[in-house]
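A short worksheet on the structure shown next.
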Amino acid sequence: MLYVRVIYLTSPTTTINKRTTRLMMNSVYYSYPTTTATRSFRTSSSPPAAQQQQQQQQQQQQRRRQQLHKQSFSILTKSINTRLMIGRRRTSDCKNDSLSTIMTEATQNNNNIDGNARTKKTIMVTTPIYYVNDKPHIGHVYTSTVADIYARYKRLQNDDVFFLTGTDEHGLKVEQSAEKRKITPKALADENSAIFRDVMKENDISFDDFIRTTDERHTKQVQSFVEKLLKTGDVYLGKFEGWYDEGQEEYYTETKAKENNYESPISGKPMVRMEEENYYFKLSKYQDKVKQLLETNDSFLTPKERKNELLQRVNDGLNDVPISRTNFTWGIPMPGDEKHVIYVWIDALMNYITAIGMAEENNEKQKYWPASVHVMAKEISWFHAVIWPAVLMALDLPIPSRVHAHGFWIREGRKMSKSLGNFVDLTVLNKFSNHYGMDGFRYYLATEGPIGAQDANFASSRVQEVYGTDLVNTFGNSTSRTTAMCEKYFDGFIPEKSNDATKMFKGYNWKSICKEEAANAIRAYENLELNKATQAAMRIITKVDLFITETEPFRMAKDPNERENLGCVLYQCLEALRIAACILEPVLPNKVKEMHESLPLYKSETQPLTERVVWGGLQPGMKISKLALFPRVDELNENGENKETETAAAAEIIANKKSTEKKTKTKVEKVYSPETQALIDVQGQLIRSMKESGRTNEDLEVAEAVKKLKELKASSSD
Ligand code: MSP
């Protein structure tokens, strides 16, 4: 059954007008079975001539589809392995193999023969835009990795994905840092934004767009959105007095400020009482709607533990929030009142809609709104799950489907902070990813990271443990063992008749095991439960190992009568590993690509994951080669240094210290005459007291005293 997604694009207009936004609100997706929906629509509304024309168009489309189908078939048949896979994976076979409701749903948008982008499901994934006055660290890389894994998973499902990241560049702090360095704020922003961009690239973050709040496309649209809010009265000029957290550039209500002892909950610095004439956003007007959103839509804010924190704050009452500042100039000028600049948070949040040109004419990227998920850590969930939806409501735009606010990476139980200087910074991060490989380290982040409500402790011993257990000893070992047996016993060819579905050994029903685990993994990816997705794959692989132990293929290989069974056992191992690898691809993109070169994992780049994980992809006659995916490595210390080198260095220091001690001891043990010893002591004391008073070896008096001491010692040893 084919499904279509109906998307209403906005009408051409520079500023957002009512009609446009009403249309935007209508960007709801309807799924129709193509044939019936289009037919009934057309027959009921078209005059006969138009009907005829439409019929002709339909026939033409049909012919074009058949042609495309033929073309793609002939391209695909060029590769032996691919051809073998296609022989098995006809649509009719797929139907019977379809996994579960979740998987069927995930496939619905992928079945179009011509792969037309209009019919694909659009997915927008975002990270926060990072402050340019901070250096990138594990927190930034982690959030981006989570979003990346989700984006890759969705791309593997053949969805039309738009993955957005970028930098937040305005505000007082950037202005001050630039002043200190005697450069312009823009120069500072250019420099640091480039660093963030490079870091994301180096960490395989597959973003489609990198927005900067200093981009003209952004500043222009922010102004037009604020202009619209001024017109509707959702933004107004008013006076405000309140408690201000200078570090966070954020106001607190009396209640909230009191709760925090009038100190910043982030930096601990005292809040400042401030009075300002500012432009305000009427947040209070949206209190009920936001409350309703949080209360009734369970999938809007995840993990679900975050909901109560925010709801309580909403129930305390929402005050209007200032959205402009006059105490600095590094920002987007307020339209019509240039002594004000737009507050950084409003400026920053709007990146999600300016990147896709929601206030531009005919920007085809508008189709991505509303975002499928904004990924971030918990400290900014208030802005994303309360203020942002209210702003969107005021703009008459749909709200994002989901805000995921994960926990924090912490170190030795303490929050990472500038003042503690305990960040896992870029240098350390690079050491880990160089040592364990980009995928090896990503796997650790994905499986041990604070994806849920809890914080997660970064520990080098866990990196080693997880890498060693899951990747080296489980995934790596199992693939190398199985591919080696296939090379040894069948010259690297998948044996004839080995895919016989009726053969079962030791009660292992592989087709059903893999079907269940693939469904678990897909459900987990959909829910952003990354560790559950990898666990599903690991369970398959661990079972392969057990299966090998129980069926003993190496014993079968010695018996010519068991040859056919041996082929089937190996096939089942390889096929299960193929499916596990497909599941792991979003987390281990490089390794899985590498694996695909030796063991065909899918029939084409566009084959959706839900089809890839269906049992039976490998075909007899396919050629595979031996794989060694994850090398064993030594453990690093917390700073990413090699423990062995560290131990060797420590041993050297201890040895040096011992030999110095020995030498000193020899000297001390030397016996002087009592008179000389007394003089030596006096002289030594003199040197010490001179040094204590701040004199150095270069001082004449100290030098004289040292000389005298040496003479005394030398005269006595004669
Ligand atoms: N510029 C704002 C976001 C505006 S989005 C419209 C900002 N920037 S930030 O540079 O401070 O990035 C904050 C984000 O970095 C967190 O929400 C999280 O995604 C990530 N992390 C920063 N420290 C972190 C940890 N210790 N642990 C996990 N992620 C954290 O806030």
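All of the numbers you see were taken from the coordinates with simple rules; none came from a lab. Treat the numbers as computed from the prediction; the structure is a model and nothing was measured. Here the Cβ positions follow ideal geometry from the backbone for every residue, glycine too, while neighbour counts run over all protein chains shown.
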Length gained, Asp190-Leu546, 0.36 nm per residue minus C-alpha separation, equals 122.7 nm
Per the rule of 0.36 nm per residue minus the C-alpha distance, extending Glu216 to Thr676 adds in nm 157.3 nm
Mean shadow area (nm²) of the C-alpha convex hull around the stretch 454-612 is 10.5
Relative contact order in percent for the stretch 454-612 (Cα pairs under 8 Å, 6+ apart) equals 25
Distance in nm between Lys418 and Glu275 label points, each 7 Å along Cα→Cβ, equals 3.0
Cα pairs beyond 28 Å in the stretch 122-406, in percent, come to 35
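At a Förster radius of 35 Å, what calculated FRET efficiency corresponds to the Cβ-Cβ distance of Ala703 and Asn656, to the nearest 0.05?
Computed FRET efficiency for Ala703 and Asn656 comes out at 0.80.
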Checking rank on 305-311, 504-510, with mean other Cβ inside 10 Å and highest first, the result is 305-311, 504-510
In this structure, the FRET efficiency calculated for Lys135 and Asn509 from their beta-carbon separation, with R0 = 60 Å, to the nearest 0.05, is 0.70
Of the listed pairs Lys591/Lys643; Lys307/Lys532; Lys173/Lys431; Lys269/Lys291; Lys256/Lys378; Lys173/Lys378, those with alpha carbons more than 20 Å apart are Lys591/Lys643; Lys307/Lys532; Lys173/Lys431; Lys269/Lys291; Lys173/Lys378
For the stretch 157-270, the Cα-Cα pair-distance distribution in 5 Å bins from 0, as whole percents, is 2, 9, 12, 12, 15, 17, 16, 10, 4, 1, 0
Taking the alpha-carbon centre of each part, the distance from the stretch 526-566 to the stretch 341-391 in Å is 46
